[in-house]
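Visitor: Submitted below is the structure of interest, expressed as structure tokens.
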Amino acid sequence: MERRTYATFMHQWPGKTVTVTSPSISFDNYPNEQLSYSDVINVMLGDLQRIKVYPSYGFAIEQPMPDEVWQAFEALVALGFNEHLLLDEPVRKTG
């Protein structure tokens, strides 16, 4: 969520200095009584998809995304982690 927040701020207020932080929590320590591993993965994938598509909506700046990251996204979506995806957006990388 940090990267999506940063991209939105940079789009809305270009040229400003922005710092976005969060607690340093490992993936294994992130799930808790209210948030399962599945929930965490679903939310992460929803954020990743938005990082990719929101620039085309005019909501955020573009950010580089390594091919390996998007391939991991596609593989996890294929496994059924799709609860937080934008429904009208393709899941496959288009360039």
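Visitor: Of these, Leu79, Leu35, Leu85, which one is without any contact (Cβ under 8 Å) to a residue 60 or more places away in the chain and touching a Leu at 6+ places or on another chain (Cβ under 9 Å)? Lay out the reasoning, then the answer.
Guide: Details: Leu79 fails: touching a Leu at 6+ places or on another chain (Cβ under 9 Å); Leu35 fails: touching a Leu at 6+ places or on another chain (Cβ under 9 Å).
It is Leu85.
Visitor: Based on what the data block shows, is Tyr30 at pLDDT below 95 and of a type in the set (Phe, Trp, Tyr)?
Guide: On the way: at pLDDT below 95: yes; of a type in the set (Phe, Trp, Tyr): yes.
In short, yes.
Visitor: Looking at the stretch 51-76, which of its residues are among the β-branched types (Val, Ile, Thr) and closer than 13 Å to Tyr6 by Cβ?
Guide: Keep residues of the stretch 51-76 that are among the β-branched types (Val, Ile, Thr), which gives 51, 53, 61, 69.
Selection gives Ile51, Ile61.
Visitor: Considering only the chain, give the helices (runs of 4 or more DSSP H) lying wholly within it that have at least 2 residues that are among the acidic types (Asp, Glu).
Guide: On the way: elements: 2-12, 37-57, 67-78.
Result: 37-57, 67-78.
Visitor: Being under 22 Å from Ser56 (Cβ atoms) and of a type in the set (Lys, Arg) is the filter here, so list the residues in the stretch 4-36 that pass it.
Guide: If the condition is that a residue be under 22 Å from Ser56 (Cβ atoms) and of a type in the set (Lys, Arg), then Arg4 is the only one that fits.
Visitor: On to the next question. Does Ser22 count as of a type in the set (Ser, Thr, Tyr) and within 15 Å of Met1 (Cβ to Cβ)?
Guide: Yes: the conditions hold for Ser22.
Visitor: Would you point out the residue of the stretch 1-49, among those that are exposed (fewer than 10 other Cβ atoms within 10 Å of the Cβ) and acidic (Asp, Glu), that is nearest to Val69 (Cα to Cα)?
Guide: Asp28
Visitor: Please work out if Val69 is β-branched (Val, Ile, Thr), more than 30 Å from Lys16 (Cβ to Cβ) and either out of contact with any Ser or Thr (no Cβ under 7 Å at 6 or more places or on another chain) or surrounded by fewer than 16 Cβ atoms within 10 Å (Cβ to Cβ) (or both).
Guide: The answer is no for Val69.
The values are calculated or read from the model by the stated rules, or taken from the named source; none is laboratory data. Since this is a predicted model, take the numbers as computed values, not measurements. Ideal geometry is used to build each Cβ from the backbone, glycine not excepted, and the neighbour counts take in all protein chains shown.
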